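Undergrad: Before we start, here is the structure in question, set down as structure tokens.
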Amino acid sequence: MVMRGGSDVAPDDFAGLLVDVKERILSARTRAVLAVNAELVRLYWEVGRIIHERQRSEGWGAAVIPRLSSALKNELPEVKGFSERNIKRMLAFYREYPELGGGGIVPRAVAQTAGVLSAPSRLISSPFCRRLGSSTVIGRGAVPGGGRG
């Protein structure tokens, strides 16, 4: 056994401990990234759905988008990503994938991580997601920029 800092740690035991803790850290980090990604995709889709439905039911035109963007900048100045351009992309995202509602846009992060290192990613590769610089995850794994991986 090796004495370090007053504690007894066998070299083989420490190597195993390090591997175990490192794997848990990386796994937790992956789950966190996937969970954040899933929530952002849901949010973007929901914003697009809300605008689409209001335009359809209340006759709102495209002018609502610059007004909404400006109001969001005033109300939530620390929140980024809701420029006119991005809100238009959210609307286009919803219109391209209207059937993804009901929570079916992305599976829960736990389902996404099953076999994440060995399974290829399955994702929606839309111009909307590439431009926002996000990953749109449908199956397992995530690829930055929404590209194919």
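Readers should treat all values here as calculations from the given coordinates under stated rules, not as data from a laboratory. Quantities reported herein were computed from a predicted structural model and do not represent experimental measurements. Reconstructed Cβ throughout: ideal geometry from the backbone, glycine too, with neighbour counts over all protein chains shown.
Undergrad: Using a Förster distance of 22 Å, how high is the FRET efficiency between V79 and E58, based on the Cβ-Cβ distance and rounded to 0.05?
TA: The pair V79/E58 has a calculated efficiency of 0.30.
Undergrad: Using r as the Cβ-Cβ distance of A92 and V36, and R0 as 22 Å, what FRET efficiency do you calculate, to the nearest 0.05?
TA: Numbers: r = 22 Å, r/R0 = 1.01.
Using R0 = 22 Å, I get an efficiency of 0.50.
Undergrad: So which aspartates and glutamates pass the test for K73, namely a Cα distance under 14 Å, with those fewer than 8 places away in the same chain ruled out?
TA: E84
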